[in-house]
Protein chains: 2
Amino acid sequence: MATIQDVAKAAGVSAMTVSNVINNHPNVRSATREKVLEAMARLDYRVNVAARNLRKGRTGTVGLAVPEVNSSYYGQLAAAIIAAAERHDLRVCIEQTGASRENELDALSLSRNRLYDGLILSTVGMGQADVERLKVDYPVVILGERIFGGPVDHVAMPNVDASQAATHHLIERGCRRIAVLRGPVTDEVDVSSLRHTGYRQALRAAGLPEDPDLVQTLHALTLRAGAERARGMVESGLDFDGVFCVTDTVAMGVLRGLADAGVRVPRQVKVIGFDNIEESEFLVPSLSTIDPDHDMMAQRAVDLLARRIEQTDPGGSESTEREEFVSDFSVVVRESTGGTGGPG
Amino acid sequence: MATIQDVAKAAGVSAMTVSNVINNHPNVRSATREKVLEAMARLDYRVNVAARNLRKGRTGTVGLAVPEVNSSYYGQLAAAIIAAAERHDLRVCIEQTGASRENELDALSLSRNRLYDGLILSTVGMGQADVERLKVDYPVVILGERIFGGPVDHVAMPNVDASQAATHHLIERGCRRIAVLRGPVTDEVDVSSLRHTGYRQALRAAGLPEDPDLVQTLHALTLRAGAERARGMVESGLDFDGVFCVTDTVAMGVLRGLADAGVRVPRQVKVIGFDNIEESEFLVPSLSTIDPDHDMMAQRAVDLLARRIEQTDPGGSESTEREEFVSDFSVVVRESTGGTGGPG
DNA sequence: TTGTATGCGTTATCAG
DNA sequence: CTGATAACGCATACAA
C-alpha cells in the first residue's frame, strides 16, 4: 500500500506537499498539485485513516446505540440518523444494546475506547438513577425518554401530549371504553409510562373513568405480544371499544389479534398506535397513529452532537448550555379509527 | 486523556509493561499487574484505538454496505450480521448505498480508506460487468444476486429454486392464472430476474401458459408500488387468481391493494411473497412466503469475511479457494394461500 | 520479568 | 509556495 512518502518520492516533492494537496490546502501551485495528483493516481494512493485519526485525535465516526435495528421503528430511526450524519461528513457505527441497561452503560462508558467522536444513545434500559454516568468527557446526545435534566443534550418526543391527543382522537370518534397497551411497569420514566400518562390525562379531561382492567401491560412491545394480548382481551370478555397502543408495532399485532378474535376494526373497536412506521399506512385496515417527525428528531440529534464535537476542537467555540429538544407531532387519521386514509 | 505513558509513570513501570498488562501477555508478575491495573483505574485510562489501529494495521471493524436499513428486510439482515460479527469480536459500520451502483462501487473501491478490515457488500446496483472492480486487495464478501463467478466469496439465496417452489405452491393450491410482481427489467441477473425465472419454470413444469399480461413490472420493490399495482390489476380487469411477489414488502403492499379493490385473499386470489420478514406472520391475512434462512446467510457471510481477514495476517493461513454459499429455504404456508398459519 | 528504542502514516509548526 | 522536523499513542524486536 502506497503511503504519502511514496507519493512524495514519485512526484518529486515532500510529504508535506502531498498532504496539502490531499487536504485541499490553498497554498499549492497548480503545477505541483497536478504532479502530485498524477502520482497519487499512478500509485493508487489511499489515505490511511488510522494514521490521520491518530494525528488529528478525531475519527469522523459517531456511535449510535439503539436496542436493535431489526425493528421498523429503530431501523427507520437509524436510517434517518445515518442520512443526517452524512450531511456533517460523519459516519455512523451502530451498536445494538438489546435494550439492556448494562449494554447501554457499556456503550456510554467506553464509547468503544474513543473509537467514536461522539455517541447518540437511545436509552430504554438506563434510568434516572444512571444520570451520573452520563458525565463523560466526550459528546453524547440522549435520544429517548428515561433521562431528564441530565448533563447532556437530549432529544425527545412529545410523549405525553401526543398520547393525550391520540386518546382524545379515540374519544372524539365515540370510544368510551379505551384500553391502553403498554410495556412493563418499571420505576423509571419510560416510553410506556409517559404515554400511559397522556392516555390518563385524555380520559380525565373527557370525564371518563379509569378502569384498571383496561390497562394492559405487555412483557415486551412486540408484534406477538400485541397479537396475543388482543386475542386474550376479547376471549376474556373484556368490554372495550378502543385501543391505544404505545407503539405501532404493538398496534400492528393488535390488529392481527383482533382479526383472529373476529372483532371488526374500526366498526367494533378502534385502534391507534404511536410512531407512524412506514408499514402503518399499508396495513388492513390502515393504522391511525402519532407521527412524531422522526427526520427532524434525527436531524436535531446529529446537529447537537456535531456541535459538541466541534466544541472539543482546539479552536472550537464556547461550550453552551445543555439543550433539550422535543419534536412536533401530528395525529394521522387512517382507517383503524374510521378515517379513509389508505395508501394513495 | 491519560496515555500508556502516564499510566507507566504512575505505576512506576515502563510503558511496555503497561502494554503487556493491557493485552494480557503472560509474562507479567501479578504484583506488577496489580500496580498497573490500579494506576489505570485511577487515571481512568482508555486505550487509544486509533494508535493501536495504526500500529497493528487492523481496525476490528467491518463495513456492511446495504441499500438501506429502514426496510424490514435489510434491517433484519443487518441485525443478523451485527450479531454474527460480534461473535468474531468485530464491529459493524453500516453504509447505505441507496441501491445505486456508484455508491456500491464507492464503498468497494475505497472501503472507506481502509477504515474497515473488510467489507460485506450487498449488491443490487452493480452488475456482472463490474466484476473486475471486485479485484481489490482486502477482504470482501458479496451478499446478493447480481455477481457470479467473481473473485470474492459470495453468499446467495436459492432464488430460482425457491421461487419455483413458491409458484408451485400456488399451483398446488389451485391457481391457474398466476401473476408475478417483479422489479425493473435490467440487463443484469438480479433478484427480480432470478425469481422471475423460477416462476416461469414452475409454470412450465405444470404445463401452464405464460401470459405476458401476468408479468407485472414495478419501478421499485416497495409497499406503495405493490399496493398501487394490485389495485391497477383489478381495476383493469386482468384475470388472475394468484400472485407471486418477489419480496414480502411488495406482497404486503399487494395485500393492501387487493383489499382496496375488494378482492378477497385467499378466496379469490392467493398471494405469496419471498423473504419471510418478521411482519409477514402478523398481516391480515398472514402472508405465505419463502424463508431463506437469513441468520445462516449472515453467519456465513461474516465467517467467510473473518477468515479472509485472518488470512491477511502475517502469520495467517493459506489463501483458499473462493467460496460460493447458497442458503437453504423453506416454503412457509400461511393464510394468504389458504393455510392456517396466523401467529400463535 | 521488565525496559529501551523504533516506527506505523499523517499533519502542525515553523523555517526557508 | 514548499520542505524539514516532530509528535500523535501504541506495540513490537531486542536488550538487559
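The values are calculated or read from the model by the stated rules, or taken from the named source; none is laboratory data. Fair warning: this is a prediction, and the values are worked out from it, not measured in the lab. Cβ coordinates were reconstructed from backbone atoms using ideal geometry, including for glycine residues, and neighbour counts include every protein chain displayed. Accessible surface is based on the protein model in full, side chains and every heavy atom, while ligands, DNA and RNA are left aside. Shrake-Rupley method; radii C 1.70, N 1.55, O 1.52, S 1.80 Å.
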(request) Go over the candidates A:Val21, A:Val69, A:Val62 one by one and state the one that is within 8 Å of another protein chain (Cβ to nearest Cβ), in contact (Cβ under 8 Å) with a residue 12 or more places away in the chain and open to solvent by less than 20 Å² (accessible area, probe 1.4 Å). (result) A:Val69
(message) Just to verify a result, which residue in the stretch A:41-84, among those that are touching a Lys or Arg at 6+ places or on another chain (Cβ under 7 Å) and among the polar types (S, T, N, Q), is nearest to B:Glu68 (Cα to Cα)?
(response) A:Thr61
(request) Count, please, the residues in the stretch A:24-44 that happen to be modelled with pLDDT under 90 and either crowded, with 21+ Cβ neighbours inside 10 Å or part of a strand (DSSP E or B) (or both). (result) 0
(request) Identify the single condition in (1) within 14 Å of chain B (Cβ to nearest Cβ); (2) in contact (Cβ under 8 Å) with a residue 12 or more places away in the chain that A:Leu208 does not satisfy, given that it satisfies every other one. (result) (1)
(request) Filter the stretch A:6-17 down to residues that are assigned to a helix (DSSP H, G or I) and more than 7 Å from DNA strand C (Cβ to nearest atom), then give me how many there are. (result) 7
(request) Answer yes or no: is there a residue in the stretch B:288-306 that is closer than 22 Å to A:Arg231 by Cβ, open to solvent by less than 20 Å² (accessible area, probe 1.4 Å), in a helix (DSSP H, G or I) and among the hydrophobic types (A, V, I, L, M, F, W, C). (result) no
(message) Only one of B:Ala85, B:Ala107, B:Ala99 is at pLDDT 90 or above and either of a type outside the set (Val, Ile, Thr) or away from DNA strand D (no atom under 16 Å from the Cβ) (or both). Can you tell me which?
(response) B:Ala85
(request) Taking only the stretch A:223-256 into account, find how many residues are among the hydroxyl-bearing types (Ser, Thr, Tyr) and in contact with a helix residue (DSSP H, G or I) (Cβ under 8 Å, 6 or more places away or on another chain). (result) 2
(message) Considering only residues that are within 30 Å of the chain's Cα centre (by Cα) and either more than 10 Å from every other protein chain (Cβ to nearest Cβ) or surrounded by fewer than 22 Cβ atoms within 10 Å (Cβ to Cβ) (or both), which ones fall in the stretch A:229-264?
(response) A:Arg229, A:Ala230, A:Gly242, A:Val243, A:Phe244, A:Cys245, A:Val246, A:Thr247, A:Asp248, A:Val250, A:Ala251
(request) Select from the stretch A:24-50 the residues that are small (Gly, Ala, Ser) and away from chain B (no Cβ under 14 Å) and write down the one among them that is farthest from DNA strand D (Cβ to nearest atom). (result) A:Ala39
(message) Being under 17 Å from B:Asp248 (Cα atoms), of a type in the set (S, T, N, Q) and not in a helix (DSSP H, G or I) is the filter here; which residues of the stretch B:166-224 pass it?
(response) B:Gln216, B:Thr217, B:Thr222
(request) Say whether the condition of being surrounded by 17 or more Cβ atoms within 10 Å (Cβ to Cβ), among the β-branched types (Val, Ile, Thr) and either near DNA strand D (Cβ under 9 Å from one of its atoms) or within 24 Å of B:Val152 (Cα to Cα) (or both) is met by at least one residue in the stretch B:6-15. (result) yes
(message) Restricting to the stretch A:120-161, name every residue that is surrounded by 24 or more Cβ atoms within 10 Å (Cβ to Cβ) and farther than 18 Å from A:Ser109 by Cα.
(response) A:Val155, A:Met157, A:Asn159
(message) One residue is enough: does the stretch B:20-29 have a residue meeting the conditions more than 8 Å from DNA strand C (Cβ to nearest atom), farther than 18 Å from B:Arg91 by Cα and of a type in the set (D, E, K, R)?
(response) no
